[in-house]
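First up is the structure itself, then whatever we jot down about it.
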Amino acid sequence: MTVTTQKLTFEDYLNYNDRTDTRYELVNGELIPMSLGTGKHGAITEFLNDSFKDEIRQQGSPWTSKDTKIGVRSPRGGRWDTSRIPDITVLPIEQWEALANREAIIDLNDPPPILVVEVVSESTRATDYRSKRSEYAVLNIKEYWIVDPLEELVTVCTLTEGFYDAVEFRGNERIVSTIFPELELTATQVLTARY
């Protein structure tokens, strides 16, 4: 569902306020409302975000993990901008702190996030598997996780020479990540998260 009929620039998007609590992604200059998702969607997001934070502490990495708090601007659409809001974004703490006094959107001139995650919903399936996958690759995001509770599947996409190589994990298979090599999570643990 598209809300605007007139195309917005990125600046218009940053200043847009319809006086509701609705959050929007900007796709080719059009506002796309983000649904809250199901409770399962939220539980998976919270579980993974907490797992990433724990792993970051254990690794001693200078990173942070944030859920739905950071936008990622994409060059998609040429003249008309696109800005996504991943379910989870892992980025350097220094980069997160640099967003303190401006819109929390990683711009095209900023370094890309280290890792992003999208949890698939019925309404976002095509976007998560196709559009976002190509956009995140163009932005040089090293790792993109697609967590699909509908198919009971976790796909880890690792950037190689500008394209993502994808590995699928199901059931009790341990998820393998180049960003979090010591992470001990199975697809089932992620997909059945309850909070």
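Put +1 on the Cβ of every Lys and Arg and -1 on every Asp and Glu Cβ in the chain; which of TRP96, ILE56, ILE32 then has its Cα farthest towards the positive end of the dipole?
Ranked along the dipole, the leading option is ILE32.
Could you give the distance between the Cα centres of the range 92-117 and the range 16-66, to the whole Å?
Result: 13 Å between the Cα centres.
Could you calculate the contour length gain from GLU161 to ALA104, that is, 0.36 nm times the residue separation minus the distance between their Cα atoms, to one decimal place in nm?
Extra length from GLU161 to ALA104 when fully extended: 17.7 nm.
Pairs of alpha-carbon atoms within less than 8 angstrom and 6+ residues apart define the contacts here; what relative contact order does the range 7-67 have, in percent?
This gives 23 percent for the range 7-67.
Using a simple charge model, +1 on the beta-carbon of Lys and Arg, -1 on the beta-carbon of Asp and Glu, nothing else, what dipole does the range 57-195 show about its Cα centre, in debye to the nearest 20?
Charge dipole of the range 57-195: 260 debye, to the nearest 20.
For n ≥ 4 DSSP H runs only, could you compute -39500 (n - 2.57) per run for the chain, divide by its residues and tell me the 222 nm figure to the nearest 500?
-6500 deg cm²/dmol
Please compute the per residue accessible area over the range 122-167 with all protein chains in place, 1.4 Å probe, rounded to a whole number of Å².
Using a 1.4 Å probe on heavy atoms only, each residue of the range 122-167 averages 50 Å².
Relative contact order of the range 105-195: what whole-number percent is it, with Cα pairs under 8 angstrom and at least 6 residues apart?
Reported as a whole number, the value is 22 percent.
Restricting to the range 72-195, compute how many DSSP beta bridges are antiparallel as a %, nearest 5.
So the antiparallel bridges amount to about 75 percent of the total.
Excluding same-chain residues fewer than 8 positions from LYS53, which lysines have a Cα within less than 29 Å of its Cα?
Within reach: LYS40, LYS66, LYS69, LYS132, LYS142.
Given q = 0.12, 0.14 Å⁻¹, what are the Debye log10 I(q)/I(0) values for the chain, with equal point scatterers placed on the Cα positions and solvent ignored?
These q points yield log10 I(q)/I(0) values of -0.57, -0.79.
First compute the accessible area of the chain with a 1.4 Å probe, then give the percent of it belonging to carbon and sulfur atoms.
Ligands and nucleic acids excluded, carbon and sulfur give 48 percent.
Helix 39-59 versus the longest principal axis of the chain: what is the Cα-based angle in degrees, 0 to 90, to the nearest 10?
Long axis of 39-59 versus the principal axis of the chain: about 70 degrees.
Give me the number: length gained by fully extending THR9 to GLU168, i.e. 0.36 nm times residue separation minus the C-alpha to C-alpha distance, one decimal in nm.
Taking 0.36 nm per residue and subtracting the Cα distance, the gain is 53.6 nm.
Could you work out the relative contact order of the range 1-144? I mean the mean sequence separation of Cα pairs under 8 Å and 6+ apart, divided by the number of residues, in percent.
The value is 21 percent.
Once Lys and Arg get +1 and Asp and Glu get -1 on their Cβ, which of ASN15, VAL119, TYR129 lies farthest toward the positive end of the dipole of the range 1-137?
Selected residue: TYR129.
The values are calculated or read from the model by the stated rules, or taken from the named source; none is laboratory data. As the structure is a computational prediction, the values presented were derived from the model and not from experiment. All Cβ positions, even for glycine, are placed from backbone atoms using ideal geometry, and neighbour counts span all protein chains on display. Surface accessibility is based on the protein's heavy atoms, side chains included, excluding ligands, DNA and RNA. Shrake-Rupley method; radii C 1.70, N 1.55, O 1.52, S 1.80 Å.
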